[in-house]
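See structure below.
Nothing in this text is a laboratory measurement; each read-out follows from the coordinates by a stated rule. Model, not experiment: these values are computed from the prediction. So basically every Cβ, Gly included, is an ideal-geometry build from the backbone, and we count neighbours across all protein chains shown.
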Amino acid sequence: MMKAITQQNVSVLLEDYVKGDKSKMDELLPYVYWELKKISSRFLAAEYRNHTFQTTELVHEAYIRMVGNNNVNIENRAHFYGIAAQLMRQILVDHARRKKAVKRGEGKEKLEIDNALGISIANEESIIELDDALKKLETLDARPSKVIELRFFSGLTIDETARYLNISRETAKRDWTFAKAWLYRELKTA
């Protein structure tokens, strides 16, 4: 029977993994798997109607990349999920670029920003536009870009995002509001 595990236990297992005990990742995976699937589901729900990825496939690909990268320095639970979300985003962007290379010249749909949900992605072109916009925002101001990544892609709360970035809750809320508005304006003109 699986023991109940707290967020603190997850952080301890992650710390042990980073310190070199690679067996901790195998021990950790059953506890974080469902949260990773939720993050993956958010990505795929926000992607486009006819995507070819399955939730499990995206989780497994991100996990393989994470475990295979010896340079990953995981600080805590929020950081772990942030890295996983970043990898999932990159996997989808890479996938979209490959598909776009095959489908050059087809019509493109615009991204829509929904104030309640964040960002809705309609097709491969939209994923690439979103990634380009996030990179542009990051060069202008990295923190709001990171807030979007943690909130939208990782599904962290404002409080978790603030703790992860070591900023106040109010600053995280302001950055979230600013970044959504900036992305809306940027993507509307794309």
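In table form, for the structure just shown:
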| quantity | calculated |
| --- | --- |
| Footprinting exposure proxy for THR177, THR171, THR139, THR161 (fewest neighbouring C-beta atoms within 10 Å first) | THR139, THR177, THR171, THR161 |
| Backbone HN-Hα couplings from phi across segment 142-158 [Karplus 6.51/-1.76/1.60, Hz, Gly and Pro as x] | 5, 5, x, 4, 5, 4, 4, 4, 6, 6, 6, 7, 8, x, 6, 6, 4 |
| Burial ordering of ASP16, ASP175, ASP159, fewest other beta-carbon atoms within 10 Å first | ASP159, ASP16, ASP175 |
| Residues with amide H under 5 Å from that of GLU75, placed H, sequence gap 5 or more | PHE80 |
